[in-house]
Amino acid sequence: MQIAVLNRRAQERYATFVNNMDQVAEVLVEVDKLIDRYDEDAMAGSWTIATQDELKALRTKAFDELDRLRILGKKHEAELVSRDWRF
């Protein structure tokens, strides 16, 4: 009985893990809208901040890392849903 409880908890944690990755992906899509509204001319003479191209590169890198994490999660899915997670 204890094994079934651990498996159910591991499955719930894996589902939460996948759901959180989906939510991060949705936020990154919203970041595109903010980057498109970015006006470098409005920032002239103030703090030095990243350019639109730099922001797009950072967003692409974040998406690539999220995809890498998703691939690793899928690769180890069987193990993740069958064992209790330790942090």
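In this view, the solvent-accessible surface of Asp32, computed with a 1.4 Å probe and all protein chains in place, comes to about 50 Å². Modelled spin-label separation between Thr16 and Arg83, with each label point placed 7 Å from Cα along the Cα-to-Cβ direction: 1.9 nm.
The values are calculated or read from the model by the stated rules, or taken from the named source; none is laboratory data. All figures in this text were calculated on a predicted structure; none of them were measured in a lab. Because the Cβ atoms are built from the backbone with ideal geometry, glycine has one as well, and the counts that use them run over all protein chains shown. Side chains are part of the model used for accessible areas, which takes the heavy atoms of the whole protein and leaves out ligands, DNA and RNA. Shrake-Rupley method; radii C 1.70, N 1.55, O 1.52, S 1.80 Å.
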